[in-house]
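So the structure is just underneath, and the comments pick up after that.
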Amino acid sequence: MLESILSDPAMRNVYFDISWDELAKYIVASPESVRITSDLINHYPERFLFGTDEVAPPNQEKYLRVYYLYEPLWRLLSPEARRKVRKDNYERLFDEARHRVREWEKSQAQVN
């Protein structure tokens, strides 16, 4: 199902945040599930990102818990895919969104 979404040009605006702990436990449940997921991410590295699902964690250990759950996945990703998922995609998407919001704000100020 994910492959069909990712390969569809009409769905190029769809990205997957893999930071949820419920998702992590399924991805790392078996060597096969890790391999399937890593193959998909390695094929579409620009479409996945890792954020955080922790709300007000009491300490750094709790904050990084899900990140460390993904250790088997991180090991199977290419260096490029690891970098994109853990940092680059987030920066690209949010920087681009910030720019588009500012452009929209400028256009609205001119209209009103």
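The values are calculated or read from the model by the stated rules, or taken from the named source; none is laboratory data. Remember, it's a predicted structure, so these values are computed and weren't measured experimentally. In this analysis, Cβ positions are derived from the backbone assuming ideal geometry, glycine residues included, and neighbour counts consider all displayed protein chains. Ligands, DNA and RNA are stripped out before the accessible areas are found, and what is left, the full protein with its side chains, is counted by its heavy atoms. Shrake-Rupley method; radii C 1.70, N 1.55, O 1.52, S 1.80 Å.
So, with a 1.4 angstrom probe, what is the percent of accessible area on the chain that is carbon and sulfur? Numbers along the way, then the final one.
Working: 4360 of 7810 Å².
Accessible surface attributable to carbon and sulfur in the chain totals 56 percent.
Using a 1.4 Å probe and counting only protein heavy atoms, arrange F48, F16 so the residue with the most accessible area comes first.
Details: F48 10, F16 50 Å².
In descending accessible area the options line up as F16, F48.
What is the calculated FRET efficiency for H99 to L2, with r their C-beta to C-beta distance and R₀ = 30 Å, to the nearest 0.05? Can you show the working numbers first?
Values: r = 28 Å, r/R0 = 0.94.
About 0.60, to the nearest 0.05.
Per residue of the chain, what 222 nm ellipticity follows from adding -39500 (n - 2.57) for every DSSP H run with n ≥ 4, rounded to the nearest 500?
Numbers: 8 runs with 69 residues, N = 112.
About -17000 deg cm²/dmol.
Determine the relative contact order of the chain: mean sequence separation of Cα pairs under 8 Å and six or more apart, normalised by residue count, in whole percent.
Values: 96 pairs, mean separation 31.8, N = 112.
It comes to 28 percent, rounded to a whole number.
For W20, W74, what's the largest-to-smallest order of accessible area, 1.4 Å probe?
Numbers: W20 135, W74 5 Å².
From most exposed to least exposed: W20, W74.
Roughly how tilted is helix 89-111, in degrees to the nearest 10 and between 0 and 90, from the longest Cα axis of the chain?
20 degrees
Using the Cα atoms of segment 33-88 to build a convex hull, what is its mean projected area in square nanometres?
Values: hull surface 15.9 nm².
Projected area, direction-averaged: 4.0 nm².
First check a/c for the chain, with a ≥ b ≥ c the square roots of the eigenvalues of its C-alpha gyration tensor; if it is under 1.5, answer rounded, and if not, answer prolate when a/b is larger than b/c or oblate otherwise. Could you put the intermediate results ahead of the total?
Details: a/c = 2.58, a/b = 1.51, b/c = 1.70.
Here the chain falls in the oblate category.
Heavy atoms only, 1.4 Å probe, whole protein assembly: order V85, V28 by accessible area, highest first. Walk me through the numbers on the way to the answer.
Values: V85 0, V28 40 Å².
Output order, biggest surface exposure first: V28, V85.
Which of the lysines could a cross-linker span from K84 if the Cα-Cα distance has to be under 28 Å and same-chain partners fewer than 8 positions apart are dropped?
Correct list for K84: K25, K62.
How much area per residue is accessible in the chain when the probe is 1.4 Å and only protein heavy atoms are counted (Å²)? Mind showing how you got there, number by number?
Values: 7810 Å² over 112 residues.
I get 70 Å² per residue for the chain.
Give the separation of the Cα centroids, segment 69-112 to segment 1-68, in Å.
Using only Cα atoms to place each centre, the spacing works out to 15 Å.
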